[in-house]
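Read the structure below first, then the notes.
A short reminder: the numbers here are calculations on the coordinates, not readings from a lab. These numbers were taken from a predicted model, which means no experiment stands behind them. Cβ placement follows ideal geometry from the backbone for every residue including glycine, while neighbour counts extend to all protein chains displayed.
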Amino acid sequence: MELTFVMFKPDCIQRGLLGRILSRFDDKGLRLVAMKMLRVSPSLAKQHYAEHVSKPFYPGLEQFITASPVVACVFAGPEVIRVVREMLGATSGLKAAAGTIRGDYSASRQMNLVHASDAPESASREIAIYFKPEEMQAWEPCLAEWLQAEGEV
């Protein structure tokens, strides 16, 4: 079962959209295996966004991500990285299709509510930044047989 990292960003928390957006992942049948609320420090932001630290837009990104609490999560499911990215829509809420999370709730490129890993390598790296192995909860939903047919996982 594939894992992905998802962060509900400060704008999501401040706008009171966490429950609404989280329920969309739950409705899809994705399995929540770890979750915590935290405040991203400047040093944690530099670790998370390491590839952007030297870019001119980074100071604004750091200011945004450290401005308010976030909720960090790990979801599991078949092709979960691709599925979550498609559910989010284009990075800019102005370009995201209606029906996607960003298309429905965002009108900004930076304030786009949710971050999600874009590849297995970034998912592994980001999960390790935010969660210790013992914080991950492997579990099987009692409705699993109704979410995917046998052999699809």
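Some points to look at:
- In a simple Cβ point-charge model (Lys, Arg +1; Asp, Glu -1; nothing else charged), the chain has a dipole of about 800 debye relative to its Cα centre.
- Couplings 3J(HN,Hα) for the range 101-109, derived from phi with the Karplus relation 6.51 cos²θ - 1.76 cosθ + 1.60 (θ = phi - 60°), are 4, 5, x, 8, 10, 10, 9, 8, 7 Hz, where x marks Gly and Pro.
- Segment residue 37..residue 61, full-extension length gain: 6.7 nm, with 0.36 nm per residue of separation and the alpha-carbon distance subtracted.
- All other residues whose Cβ lies under 13 angstrom from that of residue 10 are scored, Lys and Arg at +1 and Asp and Glu at -1, for a net of +1.
- Computed from the Cβ-Cβ distance with R0 of 41 Å, the FRET efficiency linking residue 91 to residue 140 stands at 0.75.
- Per residue, the average separation of C-alpha pairs within less than 8 Å and at least 6 apart gives the chain a relative contact order of 35 percent.
- ³J(HN,Hα) computed for each position of the range 40-48 - Karplus, 6.51 cos²θ - 1.76 cosθ + 1.60, integer Hz, glycine/proline x: 6, 7, x, 5, 5, 4, 5, 5, 5
- Loop-located trypsin sites (Lys or Arg not before Pro) in the range 1-52 (DSSP state other than H, G, I, E, B) with a sparse environment of at most 15 neighbouring Cβ atoms within 10 Å: 15, 39.
- Chymotrypsin sites (Phe, Trp or Tyr not before Pro) restricted to DSSP loop in the range 1-81 with at most 11 other C-beta within 10 Å: 57
- The range 3-55, dipole about Cα centre (Lys/Arg Cβ +1, Asp/Glu Cβ -1), debye to the nearest 20: 80
- When you restrict to C-alpha pairs under 8 Å that are six or more residues apart and normalise by the size of the range 72-153, the relative contact order lands at 24 percent.
- Mean silhouette area of the range 32-76, derived from the convex hull of its C-alpha atoms and averaged over all directions, reads 3.5 nm².
- Taken as Cα centroids, the range 76-139 and the range 44-69 sit 17 Å apart, rounded to the nearest whole angstrom.
- Residue-normalised convex hull volume from the C-alpha trace of the chain: 113 Å³ per residue.
- Magnitude of the charge dipole, the range 33-98, Cβ model with Lys/Arg +1 and Asp/Glu -1, debye to 20: 80
- Considering only alpha-carbon pairs that sit under 8 angstrom and 6 or more positions apart, the relative contact order computed for the range 90-138 is 24 percent.
- Furthest towards positive pole of dipole, 108, 88, 141, structure part the chain, Cβ charges: 108
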